[in-house]
Amino acid sequence: MNTKLSLESERWKSLKSVSGESAELPGLIRGIQVADDANRGPLLADLESRIFEQYSCCEATYAVVPYLVETARFPRRAIDLK
């Protein structure tokens with residue numbers, strides 16, 4: 001069962017993030033999934049700054065976490081982006 005919010009979903013635009021805008025998160029997730037180790041760190045830092053602030057998370061965090069778990073489990077292979 002796939003319970004992740006599709007990266008193609010229009011719902012990303014309505015999710016609240018730290019900066020208020022979540023429409024860019026799917027592209028950032030895709031970048032993290034395909035990045036090599038040298039480039040993944042800065043992308044993860046960028047994502048973290050958009051979904052966590054002062055030990056709090058935002059609405060978009062719940063949509064992002066399943067993708068982070070999947071990427072952590074399979075860091076060297078391309079992941080189904082949908």
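Details
- As a summary of the residue check, PRO66 satisfies the conditions (1) touching a residue at least 24 places away in the same chain (Cβ under 8 Å); (2) crowded, with 18+ Cβ neighbours inside 10 Å; (3) assigned to a helix (DSSP H, G or I); (4) not basic (Lys, Arg) except for the one numbered (2).
- Condition met for ARG50 (surrounded by 15 or more Cβ atoms within 10 Å (Cβ to Cβ) and out of contact with any Cys (no Cβ under 9 Å at 6 or more places or on another chain)): no
- Check on GLY20, part of a loop (DSSP other than H, G, I, E, B) and either among the small types (Gly, Ala, Ser) or modelled with pLDDT under 90 (or both): yes
- Index of the failed condition, GLY41 passing every other in (1) surrounded by 13 or more Cβ atoms within 10 Å (Cβ to Cβ); (2) more than 17 Å from VAL18 (Cβ to Cβ); (3) small (Gly, Ala, Ser): (1)
- Of all residues in region 8-27 being of a type in the set (Ser, Thr, Tyr) and out of contact with any Lys or Arg (no Cβ under 9 Å at 6 or more places or on another chain), the one that is surrounded by the most Cβ atoms within 10 Å (Cβ to Cβ): SER9
The values are calculated or read from the model by the stated rules, or taken from the named source; none is laboratory data. A quick note: this is a predicted structure, and the numbers were derived from the prediction, not measured. Ideal geometry is used to build each Cβ from the backbone, glycine not excepted, and the neighbour counts take in all protein chains shown.
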